[in-house]
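Down below is the structure, laid out as structure tokens.
The values are calculated or read from the model by the stated rules, or taken from the named source; none is laboratory data. Here the structure is a predicted model, which means the values were calculated and not measured. Positions of Cβ are generated from backbone atoms using ideal geometry, with glycine treated the same way; all protein chains shown enter the neighbour counts.
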Amino acid sequence: MKRLYYGYITGPIIGIFWTLVVSTSVSILMAFATGGAFLPTLWGSILSGLLLGLLTVRFQRHLIIIPAAFMLAIILPFVGLGPLAYGDSIPLSMQGLSSLLFSIGTGWALVKYLTDCPWGNLTRHEFEECFIRFLTGSGLVFFTAIVLIPFYVMVMTSLKSQQALLLNPLDFSLEFEKGWGLLRSYFELFNDFNFGTYMITSFIVSITTVVITLLFSVPGAYAIARFRFAGQGALSRSILLIYMVPMIVLALPIYVVFSTTGLRNTIIGIILIYPVTTIPVALYMLQGYFRGLPTEVEEAGLMDGLSRLVVIWKITLPLSLPALASVSLYVFMIAWNEFLLAFMLLDDPKIFTLTRGVAMLNSSEIPRQHLMAGAVVSTVPIITIFMALERFMTRGLTAGSVKG
């Protein structure tokens with residue numbers, strides 16, 4: 001293959017861009033952790049990346065590149081070209097820590113990205129491999145940041161006092177000297193704002209929604225997947241059409257009907273309306289899975305004298321446990337996080353769901369840290385459940401995808 005690229009050009013280019021990524025990431029991390037002023041510098045990062053890219057292509061050893069990055073982060077600031085800039089109040093220990101993080105993040109990654117990247121000519125495959133590694137690492141940092149930064153800000157804000165927030169709203173460092181006083185917002189949330197009851201109510205509503213959804217969606221999805229009847233194809237394709245109508249459009253009719261029938265401001269009303277929003281998506285997910293199950297197993301059960309209901313109960317459902325688990329988890333998440341209907345239909349604080357209770361905290365009379373604590377309380381349980389059962393959800397979503 002004809003050689004078209006050069007390592008001594010590819011290395012510095014990747015080094016420059018990656019150094020900009022690392023200097024920005026380290027600045028954000030240190031600023032959030034300490035509350036101090038840490039800033040990435042454009043020309044300092046470019047110079048550092050250029051030099052480190054050349055060194056990496058030339059040597060490709062962690063024991064050389066990481067110390068070199070650390071030395072650059074310490075020496076270049078003296079000539080005004082450091083990759084990181086610091087505020088006047090930043091102590092030397094924090095500057096050294098940020099330089100260490102910068103050197104490890106830059107040196108270790110560049111050696112990984114530029115592995116097997118020679119100093120001279122590169123094949124197109126070698127060139128593309130280096131850039132793919134760099135883009136993968138950059139994408140990982142970017143998506144991790146957009147997921148973790150809001151959650152980190154939310155948690156840190158919930159642990160701050162009102163005085164600290166007013167003094168510096170952008171200081172997200174922890175005051176460890178307070179001890180258990182850091183959790184004051186959470187104690188007040190459960191003692192003064194009844195959030196324990198809200199969590200129990202949300203849990204009951206979500207579990208009940210899952211049960212009702214499965215009771216209707218399992219036989220419905222099975223009928224669409226196995227039986228032949230007039231309009232079956234149109235019904236199968238139009239199940240999700242309900243999601244084309246925004247819920248805000250249906251809000252007024254639902255409010256009027258529930259007010260007229262006395263279901264507004266009741267848990268029963270919420271339990272009745274939530275499955276309306278979850279059954280279509282459950283039907284859509286389950287019908288694809290049922291189509292992927294071998295019909296021969298069910299036919300064998302029918303030939304042995306089992307009724308259709310017994311076949312479904314003893315054969316189809318046990319084979320469908322991954323799909324049922326994924327649908328249950330997805331429906332539970334929808335019901336747990338639902339806000340619009342709860343906000344519209346519930347007025348009595350004694351029966352608020354968790355999302356409705358968090359909305360109640362969004363008031364000028366309630367300290368901001370309580371709102372953030374409420375958001376953490378409503379988010380952590382569903383994240384924990386999702387992480388624990390994520391493998392079932394992935395298996396259920398992919399199963400039957402070939403035949404469905």
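Overview of values
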quantity	calculated
Single condition I334 does not satisfy, out of (1) at pLDDT below 90; (2) within 22 Å of the chain's Cα centre (by Cα)	(1)
Condition met for L100 (surrounded by 16 or more Cβ atoms within 10 Å (Cβ to Cβ) and touching a Pro at 6+ places or on another chain (Cβ under 9 Å))	no
Criterion (free of Cβ contacts under 8 Å to residues at least 24 places away in the same chain and in the same structural domain as F78 (by TED's automatic domain parsing)) met by exactly one of L47, L54, L20, L42	L42
Top-ranked residue of the range 167-189 - restricted to ones that are surrounded by 11 or more Cβ atoms within 10 Å (Cβ to Cβ), of a type outside the set (D, E, K, R) and more than 26 Å from the chain's Cα centre (by Cα), ranked as nearest to G374 (Cα to Cα)	F187
Some residue of the range 222-234 being surrounded by 17 or more Cβ atoms within 10 Å (Cβ to Cβ), farther than 30 Å from P294 by Cβ and either in contact with a Cys (Cβ under 8 Å, 6 or more places away or on another chain) or aliphatic (A, V, I, L, M) (or both)	no
Test result for V205, of a type outside the set (S, T, N, Q), part of a helix (DSSP H, G or I), within 25 Å of F339 (Cβ to Cβ) and not assigned by TED's automatic domain parsing to the domain that holds A282	no
Segments classed as helices (runs of 4 or more DSSP H), wholly inside the range 240-343, with at least 2 members that are closer than 16 Å to V218 by Cα and in contact with a strand residue (DSSP E or B) (Cβ under 8 Å, 6 or more places away or on another chain)	none
Candidate set from the range 151-166 (those that are surrounded by fewer than 16 Cβ atoms within 10 Å (Cβ to Cβ) and modelled with pLDDT under 85); member that is nearest to A31 (Cα to Cα)	L166
Residue list for the range 24-41, filter: at pLDDT below 85 and among the polar types (S, T, N, Q)	T34
Answer from V245, V311, V281 - the residue that is exposed (fewer than 12 other Cβ atoms within 10 Å of the Cβ) and aliphatic (A, V, I, L, M)	V245
Hey, W119 at negative phi, in contact with a Gly (Cβ under 9 Å, 6 or more places away or on another chain) and not basic (K, R) or not	yes
Residue satisfying all of: in the range 190-202; aromatic (F, W, Y) and outside any loop (DSSP other than H, G, I, E, B); surrounded by the most Cβ atoms within 10 Å (Cβ to Cβ) among these	Y198
Residue list for the range 225-239, restricted to those being in a helix (DSSP H, G or I) and closer than 16 Å to L286 by Cβ	A225, R226, Q232, L235, S236, R237, I239
Count - residues of the range 268-318 that are without any contact (Cβ under 8 Å) to a residue 40 or more places away in the chain and aromatic (F, W, Y)	1
Single residue of the range 125-141 satisfying the filter (free of Cβ contacts under 8 Å to residues at least 60 places away in the same chain and over 11 Å from I14 (Cα atoms)) that is surrounded by the most Cβ atoms within 10 Å (Cβ to Cβ)	E129
Odd one out for L182, checked against (1) assigned by TED's automatic domain parsing to the domain that holds I382; (2) more than 30 Å from Y284 (Cα to Cα)	(1)
